[in-house]
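*Asks:* Following this message is one structure expressed as structure tokens.
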Amino acid sequence: MLEVQHLAVNYRGVVAVEDISFCLDPGEIVGIIGPNGAGKSSLIKAILGLIPIERGIVKFRSRALSRQLGEVAYIPQRTQIDWDYPITVQNVVMMARIRHRSLFNASSNQSKRIVQEALKRVAIWELRDRPIGELSGGQQQRVFLAQALAQEAELFLFDEPFVGVDKKTEAMLFEVFDELKSSGKILLVVGHELRETAREYDRFLLINKKLIANGSHSEVITPKNLQAAYGDNVIFLNRISRSSMEGGQCPP
Ligand SMILES: Nc1ncnc2c1ncn2[C@@H]1O[C@H](COP(=O)(O)OP(=O)(O)OP(=O)(O)O)[C@@H](O)[C@H]1O
Ligand SMILES: [Mg+2]
């Protein structure tokens, strides 16, 4: 189980995450939703210990997560990746195997086989020798998914994996998520409102600095909670979605 207790982050005095607590069980896919600037990425980074926290505890299987980061696969938000870094697709995925290599097991055949399987699983085997920067957005997301698979982690943190991917890649991501869920992994996925894909998640955390709601889609997506998270913008969003359902008219 992943336990996050009273996590708080601020950047030079400006609060980004305020006293957030929740638990995740093995075999759960949980979505984090909230507006831009709500602290979703900061929350993920704080869980991983990538940014200093002001307060809070993060435990995995009752021990500090910071001491077992090898158990975590993290896929950052696309905007935070340096796409010009000169590295091939295959080597990006191979990086996931570093923690598995012992001194007597240099570049093991087992690691090579696992990397190959991961590249094939997400249909980018043919692209393995290409520099990562030359791939399309959807292909790049699949490379990072392959990297997460090759790491054989227990806990998966994805920050907006669906941005810039087409329906086919989205479906592949969910297929892989389901496989991971079935094998008892924990998945925490930052998304937006996820209206169409809501059924793929077991639970949602709605945040805007604080945790506003934690529960099923119908428990979390209520007018009261959306107002608390998005403020007056939610009225505008509702108008757009209603009018688009009524035949693609522009909102008045
Ligand atoms: N490195 C940083 N230094 C200072 N402030 C930061 C830094 N990173 C984020 N912030 C601020 O912290 C708040 C939360 O940012 P964060 O990136 O976590 O939000 P988010 O929910 O992931 O947003 P988005 O949906 O746009 O990705 C914002 O107000 C942002 O401006
Ligand atoms: Mg973000």
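What follows draws every value from the coordinates through simple rules; no lab data is involved. Computed from a predicted model, the values in this text were never measured in an experiment. Because the Cβ atoms are built from the backbone with ideal geometry, glycine has one as well, and the counts that use them run over all protein chains shown.
*Asks:* Can you return the aspartates and glutamates within cross-link range of LYS120? Criterion is Cα-Cα under 20 Å, with same-chain partners fewer than 8 residues away left out.
*Replies:* ASP129, GLU134, GLU152, ASP166, GLU170, GLU175, ASP178, GLU179
*Asks:* Suppose only helical runs count, i.e. DSSP H with n ≥ 4. What mean residue ellipticity at 222 nm does that imply for the chain under -39500 (n - 2.57) per run, divided by all residues and rounded to the nearest 500 deg cm²/dmol? Write out the running numbers ahead of the final one.
*Replies:* Details: 8 runs with 84 residues, N = 252.
Calculated from helices alone, the mean residue ellipticity at 222 nm is -10000 deg cm²/dmol.
*Asks:* Restricting to the range 2-221, compute how many DSSP beta bridges are antiparallel as a %, nearest 5.
*Replies:* Numbers: 20 of 37 bridges.
The answer is about 55 percent antiparallel.
*Asks:* Now a separate question. Using DSSP to define loop residues, name the GluC sites (Glu not before Pro) in the range 148-195 whose beta-carbon has at most 15 other beta-carbon atoms within 10 Å.
*Replies:* Details: sites: GLU152, GLU154, GLU170, GLU175, GLU179, GLU193; in loops: GLU152, GLU154, GLU193.
Passing both the DSSP loop test and the Cβ count: no residue.
*Asks:* Related question: Specify the longest stretch of the chain that does not include any exposed loop site, a site being one of the trypsin sites (Lys or Arg not before Pro) with a non-H, G, I, E, B DSSP assignment and at most 11 other Cβ atoms within 10 Å.
*Replies:* Result, exposed sites excluded: 13-194.
*Asks:* Expressed as a fraction of 2.2 N^0.38 Å, the rule-of-thumb size for a compact globular protein of N residues, what is the C-alpha radius of gyration of the chain? Working shown, then result.
*Replies:* Numbers: Rg = 19.0 Å, N = 252, 2.2 N^0.38 = 18.0 Å.
Normalised Rg, Cα atoms only: 1.06.
*Asks:* At a Cα cut-off below 17 Å, give the lysines reachable from LYS185, other chains included and same-chain residues fewer than 8 away excluded.
*Replies:* LYS59
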